[in-house]
Amino acid sequence: MLVLLYHSGVSALSGGFVGVDVFFVISGFLITTHLLESLARDGRIRFGAFYAKRARRILPAALLVALLTTLAAWIWMSPLLMQDVLRGAAATALYVPNYLFAQEGTNYLAESTPSVFQHYWSLGIEEQFYLFWPLLLAAGFWVCRRSERRLMLGAAALTAASFLACVLLMEVSQPWTFFSLPTRAWELGAGALVAFLLRSGVRWLRAKRTGLLAWAGLVGLALVVVTFDEGTAFPGWSAALPVLATAALIVGGAAPGRLHANRVLSVAPMQFVGAISYSLYLVHWPLQVIPQAVAFSDEPLPLWMRLALGAVAVPLAWLLFRFVERPVISWGRLRKARLRWTGVL
């Protein structure tokens, strides 16, 4: 939702672009938690099941929106722009759009007319992370002789190396720093380290006062969203603020006690937004970019129009969630259950 409001031109949320960084941390946490549970339970990672589940979760909706976006661009946009559209579509289908935009020197924070597929850059990083991280964890688990503590130290070293690369490359090339996996992996790694910490049973994580961490994280994110803007040197050192705030929110939310910021996040409207968030991220961007391209303008659309297009994205996202995302995920679970019962019979 932060990203949608930012792209809709809400000036009060000038730092809303950090919503992607929040997503990276949460994703690293959830995926690593799942993989560590698999290693602890089975002593290995079931790669086929993992990759199939990720594919069902991400690919159908993403590829459908990419196809419809290409069709809409062909109908309404200038033929002079179609070469760029098709190049973006091809990179998106291969899940490497982030490297296309890095190679083109794209400025994500600029107001000029961007690619209709520019928002897929973060999904490219996600897919690349999903491809390599399970392999690294499994190899590390074997090298570390099944010691989660040693594995955590290895993950911390990789995270630190990625952060250092992010800071150093920022002085050389902002586009490559912004869009490449090696310079963004530390954000996913931060979430992974939270997963390790919560599994380690560190005593202070169990104290009730750690619930205050969630509030600190929530306040920190709010400050970042209203103070960061297009002039912020990002990612680099600046990205550490939303990443640490999100990590604090996760750790604090997992602690016992009554002072939970996650109660704010568990109200019905927030749960609804959370459920459709992936679909909302997919559909909102083409709705903003294609009308701007049709108008042959490098200037942003009027605020009222951008807000209206953002509002239209919500019911469209629900339709995508209801009729594509959820059925595909449910089909995968049903198929697994059928195979299990077939084996029994």
Q | Proxy reagent accessibility, fewest Cβ within 10 Å first, across TRP74, TRP215, TRP121 | A | TRP74, TRP215, TRP121
Q: Note the direction-averaged projected area, equal to a quarter of the hull surface, for the Cα convex hull of the stretch 1-135, in nm².
A: 9.3
Q) Exposure proxy check: ASP42, ASP229 ranked by fewest other beta carbons within 10 Å? A) ASP42, ASP229
Q) Highest GNM mean-square fluctuation, the chain, Cα pairs closer than 10 Å: which of ALA89, ALA239, ALA40? A) ALA40
Q: Compute the long axis of helix 268-294 from its Cα atoms, compare it with the longest principal axis of the Cα atoms of the chain, and write down the angle in degrees, 0 to 90, nearest 10.
A: 30
Q. Once the other residues with Cβ under 10 Å from the Cβ of GLU325 are scored (Lys, Arg +1; Asp, Glu -1), what is the net sum?
A. +4
Q: Quick one: check the C-alpha center-to-center distance for the stretch 77-106 versus the stretch 185-200, whole angstrom.
A: 32
Q.
Cut-off 10 angstrom, C-alpha nodes, Gaussian network model of the chain. Which of GLY252, GLY231, GLY154 fluctuates the most?
A. GLY231
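State, as an integer percentage, the relative contact order of the chain based on alpha-carbon contacts under 8 Å between residues 6 or more apart. Display every interim value, and only then the final one.
Working: 441 pairs, mean separation 95.5, N = 345.
For the chain, the relative contact order is 28 percent.
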Q: Once you've got the GNM for the chain with C-alpha springs shorter than 10 Å, pick whichever of HIS284, HIS34, HIS119 has the biggest mean-square fluctuation.
A: HIS34
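Using Cβ counts within 10 Å as a stand-in for footprinting exposure, how do SER330, SER38, SER180 rank, fewest first? Before the final figure, lay out each step's value.
On the way: SER330 11, SER38 19, SER180 22.
Lowest to highest Cβ neighbour count: SER330, SER38, SER180.
One-quarter of the Cα convex hull surface for the chain, in nm²? Don't skip to the answer; put the middle values down first.
Working: hull surface 75.7 nm².
In nm², the orientation-averaged hull projection of the chain is 18.9.
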Q. Which whole-Hz couplings ³J(HN,Hα) result when phi for each residue of the stretch 9-26 is put into the Karplus expression 6.51 cos²θ - 1.76 cosθ + 1.60, θ = phi - 60°, listed in order with x for Gly and Pro?
A. x, 6, 5, 5, 10, 5, x, x, 5, 6, x, 5, 5, 4, 4, 4, 5, 4
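Each reported figure results from applying straightforward, stated rules to the coordinates on display, with no laboratory input. What you see is a predicted model, and the numbers here were worked out from it, not measured in a lab. Virtual Cβ from ideal backbone geometry, glycine too; neighbours counted across all protein chains shown.
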